[in-house]
There are 2 protein chains.
Amino acid sequence: MERLRWQVAAVATVGLALALEALPSVLRWLRAWRRRGWQSPLRREVLFFPSQVTCTEALLQAPSKGPSGPPAGCPCSLPHGESSLSRLLGALLAARASLELCLFAFSSPQLGRAVQLLHQRGVRVRVITDCDYMALNGSQIGLLRKAGIQVRHDQDLGYMHHKFAIVDKKVLITGSLNWTTQAIQNNRENVLIMEDEEYVRLFLEEFERIWEEFNPTKYTFFPQKKRNH
Amino acid sequence: MERLRWQVAAVATVGLALALEALPSVLRWLRAWRRRGWQSPLRREVLFFPSQVTCTEALLQAPSKGPSGPPAGCPCSLPHGESSLSRLLGALLAARASLELCLFAFSSPQLGRAVQLLHQRGVRVRVITDCDYMALNGSQIGLLRKAGIQVRHDQDLGYMHHKFAIVDKKVLITGSLNWTTQAIQNNRENVLIMEDEEYVRLFLEEFERIWEEFNPTKYTFFPQKKRNH
């Protein structure tokens, strides 16, 4: 009996010592896990602009998951490495089911091609934009509409000034960047790419609120004139 | 000996059963902890605009931690509840040591007063802004400079289009919102308030990069004229 008690005490002591020894590793693992989530690392990325001008043809021509593989290297003279723009394109082109865009200004040809590519692949694309900016020369909105993508816009005096996208209802892309070549190549801008359930839910609710409010059945044509009657 | 073994086995079984019973709670706690961090809940907030117009006098007149308590209720006719603007003001006015502002446009009188209040309280305020917007009528930048706050600006063709603030090197405030009354009251905008070590570090690095690049000793006066010589 006495001997067993000593054995138990010895085992308990060794166990306690081992547990204390392992504590820092366990805490480190817990901290890392807090950032990562259970299965795979959650995407968290910050892009700063202006972006280096790089060739984005490989991204924009590659078939979704076709058997033919990536296209032959582009012969243009631009650098072919990564850039903030190529990373933004990559985050968008990852869409498989849905893409919500809520953008004040959209005139970048590369981002326009990416959105059309997703539409062709069967991704459900919906676009909310600002009525003032979409009428400007170079806006991509007309091209997206011609391609059959649903677009809704405001009709009021305030600006629809958001610049966010939601990929597959899983990843939020938001920041200061308007989707114009001027902004991408010349401005100081930031874009957050966040795989974050809570933020996605809140921004998706905002998107659906605005989508419903900008329903074309509610548009009042020539409101200015009507008011004068 | 035999009896002791049975006792140990019984205790072990009960222990295991209790542990399994507690597992879902432990997992729930772990998940919640992953979001919160160790000590206190980390601030994570999304503000959407346009903001309801509310009275912000109580926020802007209250002494930092003075003994006199909050001022008497403001007699104005505006609602006195919370709004996106009042929550943004609250997040800024929480600053105790430092405030970095990196803002394309800054003309909101309320936000200007909040920044001056922090400066008076001894908070180290630094402002980076865009040279085109700061020259416009109604910009707060001149008032901030007169109050003795350091301001630096770009000199190039691109816009300094960021709209972020860093409070006490601990909380990042960023989004689509320019700090103008037009944007606050009329536009669709978003602002994220994030107590997040990694994002704060990345945005602070961006701030310091720009702060150094916009050092007045590097300004070239009348660059256009010089180029013609």
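Please work out which residue is surrounded by the fewest Cβ atoms within 10 Å (Cβ to Cβ), limiting yourself to the range B:129-171 and to residues that are at positive phi and among the small types (Gly, Ala, Ser).
B:Gly148
Of (1) more than 10 Å from chain B (Cβ to nearest Cβ); (2) closer than 21 Å to B:Gln185 by Cα; (3) touching a Leu at 6+ places or on another chain (Cβ under 7 Å), A:Phe207 satisfies all except one. Which?
A:Phe207 satisfies all of (1) more than 10 Å from chain B (Cβ to nearest Cβ); (2) closer than 21 Å to B:Gln185 by Cα; (3) touching a Leu at 6+ places or on another chain (Cβ under 7 Å) except (3).
Under the condition of being without any contact (Cβ under 8 Å) to a residue 24 or more places away in the chain and not acidic (Asp, Glu), which residue from the range B:121-163 is nearest to A:Asn178 (Cα to Cα)?
Within the range B:121-163, the match that is nearest to A:Asn178 (Cα to Cα) is B:Gly158.
Note down all Cβ pairs under 6 Å where the first residue falls in the range A:164-184 and is in contact (Cβ under 8 Å) with a residue 40 or more places away in the chain and among the charged types (D, E, K, R), the second is part of a loop (DSSP other than H, G, I, E, B) and crowded, with 22+ Cβ neighbours inside 10 Å, and they're at least six residues apart or on different chains.
Once the first residue is in contact (Cβ under 8 Å) with a residue 40 or more places away in the chain and among the charged types (D, E, K, R) and sits in the range A:164-184, its partners that are part of a loop (DSSP other than H, G, I, E, B) and crowded, with 22+ Cβ neighbours inside 10 Å give A:Asp168/A:Ala95.
Please identify the pairs in which a residue from the range A:1-12 that is surrounded by 10 or more Cβ atoms within 10 Å (Cβ to Cβ) has its Cβ atom under 9 Å from the Cβ atom of a residue that is assigned to a helix (DSSP H, G or I), counting only partners at least 6 apart or on another chain.
That search, which allows pairs on different chains as well, returns A:Leu4/B:Leu4; A:Val8/B:Val8.
For the structure I just gave you, tell me whether B:Ala183 is aliphatic (A, V, I, L, M), over 29 Å from B:Lys218 (Cα atoms) and either surrounded by fewer than 21 Cβ atoms within 10 Å (Cβ to Cβ) or at pLDDT 95 or above (or both).
It is true that B:Ala183 is aliphatic (A, V, I, L, M), over 29 Å from B:Lys218 (Cα atoms) and either surrounded by fewer than 21 Cβ atoms within 10 Å (Cβ to Cβ) or at pLDDT 95 or above (or both).
Are there any pairs with C-beta distances below 9 angstrom linking a residue in the range B:192-217 that is farther than 15 Å from A:Met194 by Cβ to a residue that is modelled with pLDDT under 95 and in a helix (DSSP H, G or I), with the two at least 6 apart or on different chains, and if so which?
The qualifying pairs are B:Glu212/B:Lys218.
Of all the helices (runs of 4 or more DSSP H) wholly in the range B:102-196, which have at least 1 residues that are facing chain A (nearest Cβ under 8 Å) and not charged (D, E, K, R)?
Hits in the range B:102-196: B:181-186.
Kindly evaluate B:Ser107 against the criterion of being polar (S, T, N, Q), at pLDDT 95 or above and touching a helix residue (DSSP H, G or I) at 6+ places or on another chain (Cβ under 8 Å).
Criteria met by B:Ser107.
Within the range A:24-65, track down each residue that is of a type in the set (Gly, Ala, Ser) and at pLDDT below 80.
Once the filter is applied, which keeps residues that are of a type in the set (Gly, Ala, Ser) and at pLDDT below 80, the range A:24-65 yields A:Ala32, A:Gly37, A:Ser40, A:Ala62, A:Ser64.
The values are calculated or read from the model by the stated rules, or taken from the named source; none is laboratory data. Only a predicted model underlies this, so the values are computations on that prediction, with no experimental measurement involved. Reconstructed Cβ throughout: ideal geometry from the backbone, glycine too, with neighbour counts over all protein chains shown.
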